[in-house]
1. For region 252-263, which positions are within 32 Å of the chain's Cα centre (by Cα) and assigned to a helix (DSSP H, G or I)?
2. Filter region 231-276 for residues that are more than 18 Å from Phe215 (Cα to Cα) and among the aromatic types (Phe, Trp, Tyr); which is modelled with the lowest pLDDT?
3. Tally the residues that are within 18 Å of Ser204 (Cβ to Cβ) and of a type in the set (Gly, Ala, Ser), restricting the search to region 98-127.
4. Name the residue, out of Asn326, Asn288, that is modelled with pLDDT of 90 or more, touching a His at 6+ places or on another chain (Cβ under 7 Å) and not in a loop (DSSP other than H, G, I, E, B).
5. Is it the case that Asn148 is out of contact with any strand residue (DSSP E or B) (no Cβ under 9 Å at 6 or more places or on another chain) and surrounded by fewer than 12 Cβ atoms within 10 Å (Cβ to Cβ)?
6. Out of Tyr279, Tyr319, Tyr315, report the one residue that is surrounded by 14 or more Cβ atoms within 10 Å (Cβ to Cβ), among the aromatic types (Phe, Trp, Tyr) and modelled with pLDDT of 85 or more.
7. Only residues that are in contact with a helix residue (DSSP H, G or I) (Cβ under 9 Å, 6 or more places away or on another chain) and within 24 Å of Ile330 (Cβ to Cβ): list them for region 158-170, please.
8. For residues that are in a loop (DSSP other than H, G, I, E, B) and polar (S, T, N, Q), tally how many sit in region 59-81.
Amino acid sequence: MDFLVLFLFYLALVLMGVVTICICSKARCSRGLFWGGAQIFSCIIPECLQKAMQRLLHYLLHTRNHTFVVLHLSLQGMVYTEYTWEILGYCQELEFSLYYLLLPYLLLFVNLCFFALSCVSNPGTVTKANELLLLQVYGFDEVMFLKNTRCPTCDLKKPARSKHCSVCNRCVHRFDHHCVWVNNCIGAWNARYFLIYLLTLTASAASLASVSTAFLVQLVFLSDLYQETYIDDLGHSQVVGILFLSQYLFLTFPRIVFMLGFVMILSFLLGGYLCFALYLAITNQTTNEWYRGGWARCQQCLHSSRPPSAEPRVYQNIYSHGVWSNLSEIFLPAAHYEKKKN
């Protein structure tokens, strides 16, 4: 029983750590904390190892490579192999609905299609050929996006809502972020693919967790394990509880329980990120604009004591025109289709 408690405590710490890093990495005020931690570790880790780690991190996060794509597909393959190898057979013996059992495979197929589209599709690269067209798509708010701004790397006029991606080395129209999991930028022309990919990936993880949980619960009820008793350390007879059942299931089906824990944590993380992505979609914001907008508001608060004669330019989202209009802009990007017609 002690092992199970420690294992659950370990999973909780890992989950809290991942969430904390994801939140803190978005706040510039938290960078000093990470920088201080890095300085402490630099005194412990040998210099040669530090340089090797820096080169590895630079390669993984600041260059286009297929490492995370391979990792993504490998994890997905291992989870579905375990599902097919054990859970599917057990559930068929317990006469689960075939449609219910095949739902994860349907979601996997749709997910892989949109994953491939997110990987290979053009996110909206700004070129000499489409520069003038893209300059007319969005207005300049003169706070975050200024007129007549040129990209020093591409030597092009930057359309509003565009950004130069240092990883891909190109300017991207309606730049959202660079996603290492698809090894591509997310922009105006592939944001719809990425959103559906994220939705189906979350649904896939949730469906696997649902089937696995249903199997374990059904097994407990059919075997009447919840009615069993055991003798505790004091010699008293006790009715089995949730922790006892969890330990029994873990010892009996360790791979299934490990997989269930993984897909449950993944479902919560992906579900949170999906909610955030949907919020950005219905408010017509990009991740880049949300991040920079929060920083702009912080700067305005810091400089609120400026002289009354100086009128500060307040950042506002001028691109939101209602939920349906915002969603149609993502799923039917006008400039993309105008370019195709020409």
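The values are calculated or read from the model by the stated rules, or taken from the named source; none is laboratory data. Here the structure is a predicted model, which is why all the values come from computation and not from measurement. Virtual Cβ from ideal backbone geometry, glycine too; neighbours counted across all protein chains shown.
1. Within region 252-263, Pro254, Arg255, Ile256, Val257, Phe258, Met259, Leu260, Gly261, Phe262, Val263 meet the criteria.
2. Phe268
3. 2
4. Details: Asn326 fails: touching a His at 6+ places or on another chain (Cβ under 7 Å).
None of the other options fit; the residue is Asn288.
5. Numbers: out of contact with any strand residue (DSSP E or B) (no Cβ under 9 Å at 6 or more places or on another chain): no; surrounded by fewer than 12 Cβ atoms within 10 Å (Cβ to Cβ): yes.
It is false that Asn148 is out of contact with any strand residue (DSSP E or B) (no Cβ under 9 Å at 6 or more places or on another chain) and surrounded by fewer than 12 Cβ atoms within 10 Å (Cβ to Cβ).
6. Values: Tyr279 fails: surrounded by 14 or more Cβ atoms within 10 Å (Cβ to Cβ); Tyr315 fails: modelled with pLDDT of 85 or more.
Only one candidate qualifies: Tyr319.
7. From region 158-170, those in contact with a helix residue (DSSP H, G or I) (Cβ under 9 Å, 6 or more places away or on another chain) are 158-163, 166-167; that's our starting set.
Residues satisfying the conditions are Lys158, Pro159, Ala160, Arg161, Ser162, Lys163, Val167.
8. Taking region 59-81 and keeping what is in a loop (DSSP other than H, G, I, E, B), we get 63-66.
If we keep only those that are polar (S, T, N, Q) too, we end up with 63, 65.
Residues that pass the stated criteria total 2.
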